[in-house]
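The block underneath contains the structure these notes are about, expressed in structure tokens.
Bear in mind these aren't lab numbers, they're just calculated from the coordinates by the rules spelled out. None of these values were measured; they are calculated from a predicted model.
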Amino acid sequence: MCAELLPELIELDEWGFPILRSKEVPPSLLEHAKRAERLCPTLAVIIKQS
């Protein structure tokens with residue numbers, strides 16, 4: 001689900017596991033990333049803000 005919500009930063013590997021394209025979230029995608037974090041059913045996405 002997270003890859004569907006944030007395809008700009010998350011893709012799925014050949015087994016369906018999410019892979020981050022970048023560790024940095026651009027400001028323009030921050031709200032989308034937070035939504036993906038909230039809706040991730042396996043809590044695989046965690047946004048750390050500095």
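Structure values in brief
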| item | result |
| --- | --- |
| Cα shape, the chain, gyration tensor, a/c 1.5 rule | prolate |
| Acute angle (nearest 10 degrees) that the helix 30-39 long axis makes with the longest principal axis of the chain, alpha-carbon atoms | 50 degrees |
| Phi-based couplings in Hz for the range 14-22 (Karplus 6.51, -1.76, 1.60; Gly and Pro marked x) | 5, 9, x, 8, x, 10, 7, 7, 8 |
| Residues with amide H under 5 Å from that of I10, placed H, sequence gap 5 or more | R21 |
